[in-house]
Amino acid sequence: MTVNAIAPGAFPTDAEKIHPNPDEYNRWVLEQQSVKRRGTPEDIGNLVTFLASDQASFITGQTIGIDGGWMMH
């Protein structure tokens, strides 16, 4: 058995709807990331699928960031 954690970055959520200027916030988020698009639920789902597969059978005890390269900046 393996145990890992997923640490998503700034994925769009309903919580962002309270921002007074959503377009400005979206631009700011993209400036912080290396990948110039917002993450999707499918991006997280792909990581979950990988971690649940035999291909990830030697990965354990990790926190895997999925943030479009946010932490690289």
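Bear in mind that the values in this text are calculations on the coordinates, not laboratory data. Note that the coordinates shown come from a computational prediction; the quantities given were computed from them, not determined experimentally. Don't worry about glycine lacking a Cβ; one is built from the backbone with ideal geometry, like all the others, and counts go over all protein chains shown.
Observations
- Residues located in segment 42-66, provided they are surrounded by fewer than 10 Cβ atoms within 10 Å (Cβ to Cβ) and closer than 18 Å to residue 8 by Cα: 42, 61, 63
- Any hit, segment 5-14, residues being free of Cβ contacts under 8 Å to residues at least 24 places away in the same chain and surrounded by 10 or more Cβ atoms within 10 Å (Cβ to Cβ): no
- Count of residues meeting criterion [basic (Lys, Arg) and touching a strand residue (DSSP E or B) at 6+ places or on another chain (Cβ under 7 Å)] in segment 1-42: 0
- Selection within segment 15-35 - within 21 Å of residue 71 (Cβ to Cβ) and surrounded by 10 or more Cβ atoms within 10 Å (Cβ to Cβ): 16, 25, 26, 27, 28, 29, 30, 32, 33, 34, 35
- Test for residue 69: is it on the phi > 0 side of the Ramachandran plot, surrounded by 12 or more Cβ atoms within 10 Å (Cβ to Cβ) and of a type outside the set (Lys, Arg): yes
- Residue list for segment 15-73, filter: out of contact with any helix residue (DSSP H, G or I) (no Cβ under 9 Å at 6 or more places or on another chain), part of a helix (DSSP H, G or I) and more than 24 Å from residue 3 (Cα to Cα): 15, 17, 18, 23, 24, 27, 28, 30, 31, 72
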